[in-house]
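Below is one structure; the comments refer to it alone.
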Protein chains: 2
Amino acid sequence: MLSVYLDKGQVGVRKIRPPRRAQGFALIRLLMGGICNTDLELQRGYYGFSGTPGHEFVGEVVEAETPGLLGRRVVGEINLACGNCEWCARGLGRHCPNRSVLGIVKHPGAFREFLTLPEENLHVLPESISTEEAVFVEPLAAACEILDQANIPERVEVAVIGDGKLGLLVAQVLHAHGMQVCLFGRYANKLRIAERAGIQTERMKKRIPTAEYDWIVEATGAAEGLRQAIQMVRPRGSVFMKSTVHGAVSIDTASVIVNEITLIGSACGTSEPALNLLLARKINVTAMISETLPLTEAKRAFVLAAKRGVLKVLLDPAR
Amino acid sequence: MLSVYLDKGQVGVRKIRPPRRAQGFALIRLLMGGICNTDLELQRGYYGFSGTPGHEFVGEVVEAETPGLLGRRVVGEINLACGNCEWCARGLGRHCPNRSVLGIVKHPGAFREFLTLPEENLHVLPESISTEEAVFVEPLAAACEILDQANIPERVEVAVIGDGKLGLLVAQVLHAHGMQVCLFGRYANKLRIAERAGIQTERMKKRIPTAEYDWIVEATGAAEGLRQAIQMVRPRGSVFMKSTVHGAVSIDTASVIVNEITLIGSACGTSEPALNLLLARKINVTAMISETLPLTEAKRAFVLAAKRGVLKVLLDPAR
């Protein structure tokens, strides 16, 4: 089968043997993969990664222990948790210290014709959610994670900084939950996606507000974003940190302390709330697709995904 | 009257006119002042400060509108709030954007024979609290602020990093509230103060724990402390930031995000909980006094307060 491979910053496609299904696992044929900024960070050396990347996917189950799974379209939780530790007992397998992570830590990713995941990680997709929509479940779950971490009051003003893929998803999720979202970004075409969903937007070119928001989500993907968020937040306000930037980021801790700001690191989520939002048709994800390329053109897809102004690039093994 | 003066890093004592009491203010004779790390930061150029420092004090009211205040021993809230804004209405005058701050922002400090503060800022001291104890009310209030910001579960394990003045106060406050505190520090003589209060201690020389605590208070006063705290905290845990370090601090935001750590800036508190702890004799503050010098020897007192291993240095105008 074909498999994308990342090594020392180079993206290639290799022919390898299909994986063997271990006990409790399903063998899944890839229907669609999505390139995430984390994949680009892995390419830049984050986690010292080499191997098959890919954690945003939709697939079809071809082998499984549970007969009901066979032939079904699925998405999957990307954390393979041990199931035995305190974190797993708390339902927080995504923080299990013994976990592997699809396409990120010790488990080959989804950018290949066949992949494996534990059956318990899978969610069968309803017919009404298309494959192009479902490939956004994983990043949409990461956007929903914010709501799992804090009780943001309804109808409150929230600033989302960054009009990339994650920023657009976060803005839509919070808007769908009744918050008054303002999305700050740099690209008119990206901001327009949010505007069409009824979200207020602002260009960051000139004005960065000072101490104006109690709630801020930083999703710029750049170190500068956190410093801007610290400037924009009001005393005793909260900043969700969504940008995994490789390396150290320097911040003015004195103003965080004097203004008693709370910074909340926010990572992966779980799929249920994301699937519910898609089912209720509350989020427009397909507007964020910039291009769909065959799996064999993964190298070009990675180059494209890293370009300014480009949003989601998908990999389709059937093309 | 004599007044300490800070200018371009130099500490001196000058003879100036006593301040005039404005409407709503009390004129207060200084009984005791305490040198805080913030005073040392002001000396180093923090806030571009020049003027009379000092915000930890006990005084005696010599002029006031409220007759009941005359002749009474008092401590005072250091933030002079406008009383008209949203923050003041929420009881958070310490975040009022129009505020001045005793000895820090636009209001001359307490290190002089006579000072002024709004009468509403004052707390009359009960007889049973000595002047040497009461001079710790302001830093003790800052230690208590943590409990105002988050609901830390009772009996939970908390690591306090830093065996300086603030770390020792924080450790005692949390211990008094039933938490299982471990104080991490560098100096045997400082750690002994906590040990005598029944607090577990650990020397940081060799071992810095990894992902061991859900709750951490960082009070080292150094940039390195925050990085250590981020190493020591468990996924989804919280770090209170208490060290106002001048300048930018670089942190590994990726691990804050992946582990979904919450960083909570924590500054000043209000005096009531601090006074209640002293009244209940739950905190031993006098063990933290390294030396008491006359106001005229402020220069030497600042040098001493900045020395390694030294804890609280007091200024006594009656000496």
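Details
- Some residue of the range B:285-305 being of a type in the set (D, E, K, R), more than 14 Å from chain A (Cβ to nearest Cβ) and over 24 Å from residue B:53 (Cβ atoms): no
- Residue pairs whose Cβ atoms lie under 8 Å apart, sitting 6 or more positions apart in sequence or on different chains, and linking a residue in the range A:297-319 that is surrounded by fewer than 13 Cβ atoms within 10 Å (Cβ to Cβ) to a partner that is assigned to a helix (DSSP H, G or I), are A:309/A:189; A:309/A:190; A:319/A:295.
This table checks each residue for (1) within 20 Å of the chain's Cα centre (by Cα); (2) farther than 30 Å from residue B:211 by Cα.
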{"position": "A:4", "(1), (2)": "yes, yes"}
{"position": "A:10", "(1), (2)": "no, yes"}
{"position": "A:20", "(1), (2)": "no, yes"}
{"position": "A:55", "(1), (2)": "yes, no"}
{"position": "A:84", "(1), (2)": "no, no"}
{"position": "A:97", "(1), (2)": "no, no"}
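- Answer residue from the range A:227-252, given it is open to solvent by 50 Å² or more (accessible area, probe 1.4 Å) and either acidic (Asp, Glu) or at the interface with chain B (Cβ under 7 Å from one of its Cβ atoms) (or both) and is farthest from residue A:36 (Cα to Cα) among those: A:236
- Condition met for residue A:74 (open to solvent by less than 30 Å² (accessible area, probe 1.4 Å) and either in contact (Cβ under 8 Å) with a residue 40 or more places away in the chain or not in a helix (DSSP H, G or I) (or both)): yes
- When restricted to residues that are within 14 Å of chain A (Cβ to nearest Cβ) and either surrounded by fewer than 16 Cβ atoms within 10 Å (Cβ to Cβ) or among the charged types (D, E, K, R) (or both), the range B:258-284 contains 1.
- Test: residue in the range B:167-181 that is buried (at least 24 other Cβ atoms within 10 Å of the Cβ), assigned by TED's automatic domain parsing to the domain that holds residue B:223, more than 18 Å from the chain's Cα centre (by Cα) and in a strand (DSSP E or B): yes
- Tally of residues being open to solvent by 70 Å² or more (accessible area, probe 1.4 Å) and away from chain B (no Cβ under 14 Å) across the range A:17-48: 6
- Count of the range A:253-280 residues, restricted to those that are in a loop (DSSP other than H, G, I, E, B) and either under 17 Å from residue A:216 (Cα atoms) or within 15 Å of the chain's Cα centre (by Cα) (or both), is 8.
- Residue B:255 facing another protein chain (nearest Cβ under 10 Å) and in contact (Cβ under 8 Å) with a residue 40 or more places away in the chain: no
- Residues in the range A:82-98 that are more than 12 Å from chain B (Cβ to nearest Cβ) and among the aliphatic types (A, V, I, L, M): A:89 only.
- Screening the range B:141-155 for residues that are assigned to a helix (DSSP H, G or I), open to solvent by less than 50 Å² (accessible area, probe 1.4 Å) and within 11 Å of chain A (Cβ to nearest Cβ) and picking the one that is farthest from residue B:263 (Cα to Cα) gives B:142.
The values are calculated or read from the model by the stated rules, or taken from the named source; none is laboratory data. Note that the structure is predicted; figures quoted are calculated from it, not measured. Using ideal geometry, Cβ is built from the backbone for each residue, glycine included, and neighbour counts are taken over all protein chains shown. Side chains included, ligands, DNA and RNA excluded: accessible areas come from the protein's heavy atoms. Shrake-Rupley method; radii C 1.70, N 1.55, O 1.52, S 1.80 Å.
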